[in-house]
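**Q** Following this message is one structure expressed as structure tokens.
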Amino acid sequence: MLDYASLKIIWWLLVGVLLIGFAIMDGHDMGVGTLLPFVGRDDTERRIVINTVGPHWDGNQVWFITGGGAIFAAWPLVYATAFSGFYWAMLAVLWALFFRPVGFDYRSKIDNPAWRSAWDWGLFAGGAVPPLIFGVAFGNLLQGVPFHFDENMLVFYTGSFFALLNPFALLCGVVSSAMITFHGAIYLVHRTDGLVQERARLAALVFGALMLVAFTAAGISLAFGGQGYVITSPVDAAAAVSPLSKTVVREAGAWLGNYHRHPWTMLVPALAYLGAFAALLLSLRGRTLAAFVASSVVQLGVIGTAGVSMFPFVMPSSTDLRSSLTVWDSVSSHLTLNIMFWATMIFMPIVIFYTTWAYKVMAGKVTANSIWKDKHSVY
């Protein structure tokens, strides 16, 4: 059995991997959905766009479910607090996601322009709303969430849905939305040709630039205008401790502390910039698969930056600082983390293998000819 302190770090990394995997795999599906009404100007073009992700979007959705399950099992206090505090926001995500399965399956069942247009906008909502809300949620995490625990470890959330929609959180929502839309645009450049590909390439340029500007603005805001969190009491990483047993203070610029202590971590935000520029350059040169890989690096850079900046905090509290949840005190038991770790080591390679195989089978361009050739079997 691995030691408890190591498992806490490992599960922080594994949850991060799941979130990044979700952004890469389901993210490009959502980005394509967001772009659907704009890069597809007629029914055939929109069917081309839909069929670039139609065969595998539901498989990629598993990353979202697995991520939620991992948080529930590894960080139960985080799961309970987040799903109570962000209850209406999570419901909005689920309501938007409802449009995806029915939209994909029923959109082309009836040859009626109004019917198909309505489902196209439904697929747009299913692709555009979740990344925006996830970004707003991360923005609130970076500022601190209004919750606290009582002496019996019952959680009380004292905020409101509209309080989540503050300027910095909305800025983070723009970062997330632009990042996912950029990723979807690069994927469309890889899977399409002709006018659809050209529109997708233009969308990649627009949303790539927007993402970098918003990401830079968010970083400057945190560095010079925001307060982070610092643990000031001794930490026993190997012990099972209560969140209420520590002392926490807020300090200006504290979210930059890890970069000062470990300068190599500056590579993480740098990946967002390098990946975006590389993806755009490679897509212009026709190396579209490499561009998609570079775009995936952007997801790693942006999400990784949030994780590195906040470490060891997972969900800081703005109303009771000691209630802030960290990697050290919000986790499950030693035995639970160990069993989950070995289960992950067995099943994660299997998931990666069959996902790689599925994408290899479905590789290639989706064209108007392929749509009309199989018009009764494709979406």
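The values are calculated or read from the model by the stated rules, or taken from the named source; none is laboratory data. Keep in mind it's a predicted model, so treat the numbers as computed, not measured. Every residue, glycine among them, receives a Cβ derived from its backbone with ideal geometry; neighbour counts consider all protein chains shown. Only protein heavy atoms, including side chains, enter the accessible area calculation; ligands, DNA and RNA are left aside. Shrake-Rupley method; radii C 1.70, N 1.55, O 1.52, S 1.80 Å.
**Q** Helix 167-191: angle to the longest alpha-carbon principal axis of the chain, degrees 0 to 90, nearest 10?
**A** Helix 167-191 and the main axis of the chain meet at about 40 degrees.
**Q** Next up: For the chain, with only Lys/Arg (+1) and Asp/Glu (-1) charged at the beta-carbon, what is the dipole magnitude about the Cα centre, in debye rounded to 20?
**A** 900 debye
**Q** Let me ask something else about it. Rounding to the nearest 10 and keeping the result within 0 to 90°, find how far the Cα-based axis of helix 62-74 lies from the longest principal axis of the chain.
**A** 10 degrees
**Q** For region 148-213, with every protein chain kept in place, what is the accessible area per residue (1.4 Å probe, Å²)?
**A** 43 Å²
**Q** Among 285-295, 51-61, 18-28, what's the highest-first ranking by average C-beta atoms within 10 angstrom per residue?
**A** Per-residue mean Cβ counts within 10 Å order the peptides as 18-28, 51-61, 285-295.
**Q** At 0.36 nm per residue, and after removing the present C-alpha to C-alpha distance, how many nm does the segment from Phe162 to Ala237 gain when stretched out fully?
**A** 23.4 nm
**Q** Another question about this same structure. Antiparallel as a % of all DSSP beta bridges within the chain, to the nearest 5?
**A** Of those bridges, close to 90 percent are antiparallel.
**Q** Here is a further query. In the neighborhood of Gln197, defined by Cβ-to-Cβ distances under 10 Å, what is the net charge if each Lys or Arg adds +1 and each Asp or Glu adds -1?
**A** +2
**Q** Give me the base-10 log of I(q)/I(0) for the chain at each q in 0.07, 0.10, 0.13 Å⁻¹, Debye formula, one uniform scatterer per Cα, rounded to two decimals.
**A** Reported log10 I(q)/I(0), two decimals: -0.32, -0.66, -1.07.
**Q** Taking the Cα atoms only, what angle lies between the long axis of helix 87-97 and the longest principal axis of the chain, rounded to 10 degrees?
**A** Once rounded, the angle reads 20 degrees.
**Q** Count neighbours as other Cβ atoms within 10 Å of each site's Cβ, and list the chymotrypsin sites (Phe, Trp or Tyr not before Pro) in region 111-214 that are DSSP loop with at most 15 such neighbours.
**A** Phe161
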